[in-house]
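Visitor: The structure that follows is given in the form of structure tokens.
The values are calculated or read from the model by the stated rules, or taken from the named source; none is laboratory data. Just so you know, these numbers come straight off a predicted model, no measurement behind them. Ideal geometry is used to build each Cβ from the backbone, glycine not excepted, and the neighbour counts take in all protein chains shown.
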Amino acid sequence: MEQSTAQSPGKFAITYGVILGIIIVLIALLMYVTGMALEGIQWPMYIYYVIFPVVIIIAIKAYKKENSGFLSVSEALKTGVATAVISGLIFLVYNLLFNYIIEPTYAQQAIDATRDQLSEAGTMTDEQIEATLEWVKWGSDPLIGSAIWIAFSAFLGLIYSLIAGLIMKQKRPYEV
């Protein structure tokens with residue numbers, strides 16, 4: 001029986017997780033510098049939502065190619081979820097640096113902008129606006145927001161890598 005010479009999913013997760021992390025940081029910086037984030041303009045994030053599964057799939061394909069074309073669903077899951085989590089950790093570092101060092105007043109600016117947008121819309125009472133702002137304040141905490149982002153990334157990484165793994169799986173000849 002042959003021995004498995006499979007590469008570690010970690011190598012691919014780190015490479016593609018860093019790429020994905022840099023992409024989200026660049027998008028966040030673009031939104032900050034242009035003022036889109038405070039204005040509630042979200043289209044740059046839609047680009048990320050398209051790029052995210054593409055990078056996960058590319059990471060899994062690279063892993064499969066490096067392993068002589070063989071891939072199990074569990075290897076795809078490890079590669080995809082780890083890629084997503086690493087990108088989330090990179091965003092965590094950026095988010096903490098941004099909110100505590102670069103722009104410590106940004107969270108309050110975002111809350112104020114949200115208050116203005118909700119008031120201008122005129123569809124909520126003052127009590128509803130204040131209740132909404134309490135949730136915004138909670139989610140604006142850099143640690144809470146980053147934890148939510150990592151969990152969300154891991155969940156989406158799980159879904160996308162499961163789908164990719166089921167489609168791309170290829171058993172080694174000696175596997176049952």
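Visitor: Do we have any residue at all in region 148-170 that's surrounded by 13 or more Cβ atoms within 10 Å (Cβ to Cβ), part of a helix (DSSP H, G or I) and either out of contact with any helix residue (DSSP H, G or I) (no Cβ under 9 Å at 6 or more places or on another chain) or among the charged types (D, E, K, R) (or both)?
Guide: No, region 148-170 contains no residue that is surrounded by 13 or more Cβ atoms within 10 Å (Cβ to Cβ), part of a helix (DSSP H, G or I) and either out of contact with any helix residue (DSSP H, G or I) (no Cβ under 9 Å at 6 or more places or on another chain) or among the charged types (D, E, K, R) (or both).
Visitor: Additional query: If ILE129 satisfies every condition in (1) crowded, with 16+ Cβ neighbours inside 10 Å; (2) more than 30 Å from LYS65 (Cα to Cα); (3) modelled with pLDDT of 90 or more but one, which is the exception?
Guide: (3)
Visitor: Checking ASP116 against (1) more than 30 Å from LYS64 (Cβ to Cβ); (2) surrounded by 13 or more Cβ atoms within 10 Å (Cβ to Cβ); (3) of a type outside the set (Lys, Arg), which single condition isn't satisfied?
Guide: (2)
Visitor: Out of the residues in region 93-132 that are in contact with a Pro (Cβ under 6 Å, 6 or more places away or on another chain) and polar (S, T, N, Q), state the one that is nearest to ILE22 (Cα to Cα).
Guide: This residue is ASN95.
Visitor: Separate question: Going through GLY88, GLY69 one at a time, which residue ends up being touching a strand residue (DSSP E or B) at 6+ places or on another chain (Cβ under 8 Å) and small (Gly, Ala, Ser)?
Guide: Within the list GLY88, GLY69, the selection yields GLY69.
Visitor: Another question, if that's okay. What single numbered condition from (1) surrounded by 12 or more Cβ atoms within 10 Å (Cβ to Cβ); (2) in a helix (DSSP H, G or I) fails to hold for MET124?
Guide: Unmet for MET124, out of (1) surrounded by 12 or more Cβ atoms within 10 Å (Cβ to Cβ); (2) in a helix (DSSP H, G or I): (2).
Visitor: Taking GLU75 as the residue in question, decide whether it is in contact (Cβ under 8 Å) with a residue 60 or more places away in the chain, under 30 Å from MET168 (Cα atoms) and over 18 Å from the mean Cα position of the chain (by Cα).
Guide: Considered against the rule, which asks whether it is in contact (Cβ under 8 Å) with a residue 60 or more places away in the chain, under 30 Å from MET168 (Cα atoms) and over 18 Å from the mean Cα position of the chain (by Cα), GLU75 comes out as yes.
Visitor: Here's a follow-up. Just the residues that are of a type outside the set (A, V, I, L, M, F, W, C), in contact with a helix residue (DSSP H, G or I) (Cβ under 7 Å, 6 or more places away or on another chain) and within 22 Å of LEU29 (Cα to Cα), please, taken from region 101-147.
Guide: Listed by number, the residues that qualify are TYR106, GLN109, THR114, LYS137, GLY139, SER140, PRO142, GLY145, SER146.
Visitor: Then there is this: Sort out which residues of region 50-69 are at pLDDT below 95 and either aromatic (Phe, Trp, Tyr) or within 16 Å of the chain's Cα centre (by Cα) (or both), and write them in order of number.
Guide: Residues satisfying the conditions do not exist here.
Visitor: Return the pair list, or none, for Cβ contacts closer than 9 Å from residues in region 99-117 that are farther than 17 Å from GLU134 by Cβ to residues that are among the small types (Gly, Ala, Ser) and modelled with pLDDT of 85 or more, at least 6 apart or on different chains.
Guide: Matching pairs, first to second residue: ASN99/ALA107; ASN99/GLY145; TYR106/ALA37.
Visitor: Could you list, in sequence order, the residues of region 54-70 that are closer than 17 Å to THR83 by Cα, among the hydrophobic types (A, V, I, L, M, F, W, C) and touching a residue at least 60 places away in the same chain (Cβ under 8 Å)?
Guide: ILE56, ILE57, ILE60
Visitor: Within region 1-18, take every residue that is at pLDDT below 95 and touching a helix residue (DSSP H, G or I) at 6+ places or on another chain (Cβ under 6 Å) and give me the one that is surrounded by the fewest Cβ atoms within 10 Å (Cβ to Cβ).
Guide: Across region 1-18, the extreme among qualifying residues is GLN7.
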